[in-house]
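Heads up: the structure comes next, in structure tokens.
The values are calculated or read from the model by the stated rules, or taken from the named source; none is laboratory data. Quick caveat: nothing in here was measured; it's all calculated off a predicted structure. Every residue, glycine among them, receives a Cβ derived from its backbone with ideal geometry; neighbour counts consider all protein chains shown.
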Amino acid sequence: MKKLFLELAGIAIALCCIVSCSEPLLFSDTGSPDLPQLQDASAQLLWIGPEYKVAVQAQLKDEDGISKVQLKNGEWQLDTTFAVNNQTTYVVKDTFLVTKDVNPTKHTIEFTITNNKGGVVKGNVEVEDLSAENQVPGYNPDLLPPSITMIKPTVTKFLGFTSAPVNVDVEANITDAEIASIEVKVWGETADGQSVDLSEMITPQNTTEKTAYHVVKTFALPAGKVGQYQYIVRSVDASGNKKTVGGNITVGYVDRLYLSDAETDAEVTNQGYDNGGNARGIGTLLSMKKQGANSFVVDYYYRNEASDNIRFVAFIGNDKPFTTNQAAPTYTLNGPNILGQSATTQGTVTTDLSSANFKLPVSQKGYYHVLVDMTARTITATPFTPSRPFMDPVKYPGWSESTPWPYLAVISNIVVGSNGGWSETATSPKLMKEAGHSYLYTGTFKTTGSAVNISFTAPKDVIGSGGWFRLTAARANMKDDYGDFIDIVGAVGPSGTSPNYGFSHNMAGTFKATYDLALQRLRLIRTGN
């Protein structure tokens, strides 16, 4: 039996009489009511079978009659009131279902007793913890939840580019002393608002299944639709213990998107890369910067010509467009991860390549911010005017809109005809300015195959001490929108300006190069030996 602490209202009134008050005290003509009596009160925390209960008992007395008794405990959220109907004696004897303490906790039960004339007494009863042993003889408790080992899904990100439903395989092993039920569920919503709620409840039927159950289920998500989903495997055992394991599933949410302007698969295979820096960025593929959850943007010069072949290459997870050495592409122009603008609905992209025209949604050549929304499957092209310091006499000596350079010279001691590689000669290969395209220079050159840097220069009659086009930064500091190494060839001024390197290619052969002064983009294709 625990010691009872009573907060007697009568004592409190006496103390208030001793201490001065700001308001006068009023006394009833009939005198103060007698207070209820709380006797032999106790409370015990018990473990009974799988449940935890607190048992409370107490004797109450009051000559004027007891009107109500309230029991409270904050930790257990216990708040119960007994209506006593003005009895002069009353015995509280009851049990209440409570939760097991995560950590040892000292509990009290607060009694509030009110008599028929408004007299109130409060008391706190300490709870005696007897929950170390179960009150049911021989009871062997199952305190652990079921064990769930997920086997599938091993793939939780899907492109969803085909017209077939996206099948999600859910597989798991579940073990317990006695499995009562298993729920397997996949739910979520497509981007256009279609609700998806797929589930199955399983009740093990025999002893073998109740101790070890192997779940294998396949759920079909809507075909051709972008969506976000969740999956769970939930199991409850016979003792009420629960375990839930799950994760997220996405369809059509892309991690990487690239713009490709390769005209053929041969151009994909033979596009340029920098062996010296293990970098791409000088070929036919441009990384697009991710904006928001599923939109991508890139700045691009669009020729608006019959040979245009604009495709978008999508990747999810850790997949990338190139192998680790950057030399071998992992994609083709007709692969399952390719999109193009619809030939019938301008401004939308389609995964059905047979119905694509591979154009941008514009009718004029120029520079555009190209935005692809992979959720809405739309494409927009917003024109912009490129900005470069073309008036800089060191980086762009003698160049102007009205009198652009007629060519760029190709400089390197591995370039055939360059004669040493540190200045233009009569036989140096040239990238000639394209008619009708303000900033484009195109030409061919041949290399011997040694891994030496290649640069471009302004024409020798204007170059002075500047006019060199080389890597704009150290190789380690040039990366694309996804953190992969790339080459950026730009105007650096004098040849010795840091980092003092050109791009490097160790494969002998003939190359077609197009350089864009405004975007600092080099498009390099090996065309033959």
Contacts under 9 angstrom Cβ, first residue in the stretch 195-213 being assigned by TED's automatic domain parsing to the domain that holds Tyr231, partner of a type in the set (A, V, I, L, M, F, W, C) and not in a strand (DSSP E or B), 6 or more apart: Lys210/Ala177; Lys210/Ala238; Thr211/Ala177
Any hit, the stretch 480-496, residues being surrounded by fewer than 14 Cβ atoms within 10 Å (Cβ to Cβ) and of a type in the set (Val, Ile, Thr): no
Flag for Thr514 being part of a strand (DSSP E or B) and either over 33 Å from the mean Cα position of the chain (by Cα) or β-branched (Val, Ile, Thr) (or both): yes
Hey, Thr380 of a type outside the set (Phe, Trp, Tyr), under 30 Å from Thr162 (Cβ atoms) and surrounded by 14 or more Cβ atoms within 10 Å (Cβ to Cβ) or not: yes
Checklist (1) assigned to a strand (DSSP E or B); (2) out of contact with any Phe, Trp or Tyr (no Cβ under 7 Å at 6 or more places or on another chain) applied to Gly317, failing item: (1)
Residue ID - nearest to the chain's Cα centre (by Cα), chosen from residues in the stretch 204-228 that are surrounded by 11 or more Cβ atoms within 10 Å (Cβ to Cβ) and over 28 Å from Thr250 (Cα atoms): Ala212
Residue identified as modelled with pLDDT under 95 and among the acidic types (Asp, Glu) among Asp237, Asp265: Asp237
Segments classed as strands (runs of 3 or more DSSP E), wholly inside the stretch 68-160, with at least 3 members that are crowded, with 19+ Cβ neighbours inside 10 Å, assigned by TED's automatic domain parsing to the domain that holds Ala223 and of a type outside the set (D, E, K, R): none
Filter result for Thr344 (without any contact (Cβ under 8 Å) to a residue 12 or more places away in the chain, hydroxyl-bearing (Ser, Thr, Tyr) and farther than 29 Å from Thr444 by Cα): yes
Residue, surrounded by the most Cβ atoms within 10 Å (Cβ to Cβ), within the stretch 164-196, restricted to residues that are part of a loop (DSSP other than H, G, I, E, B) and within 26 Å of the chain's Cα centre (by Cα): Ala191
Output for the stretch 270-305, where each listed residue is at pLDDT below 95 and out of contact with any strand residue (DSSP E or B) (no Cβ under 8 Å at 6 or more places or on another chain): Gly292, Ala293
Identity of the residue in the stretch 383-395, buried (at least 16 other Cβ atoms within 10 Å of the Cβ) and under 44 Å from the mean Cα position of the chain (by Cα), that ends up farthest from Gly366 (Cα to Cα): Lys395
Scan of the stretch 497-528 for residues that are buried (at least 16 other Cβ atoms within 10 Å of the Cβ), small (Gly, Ala, Ser) and farther than 18 Å from Ala473 by Cα, ordered by number: Ala513
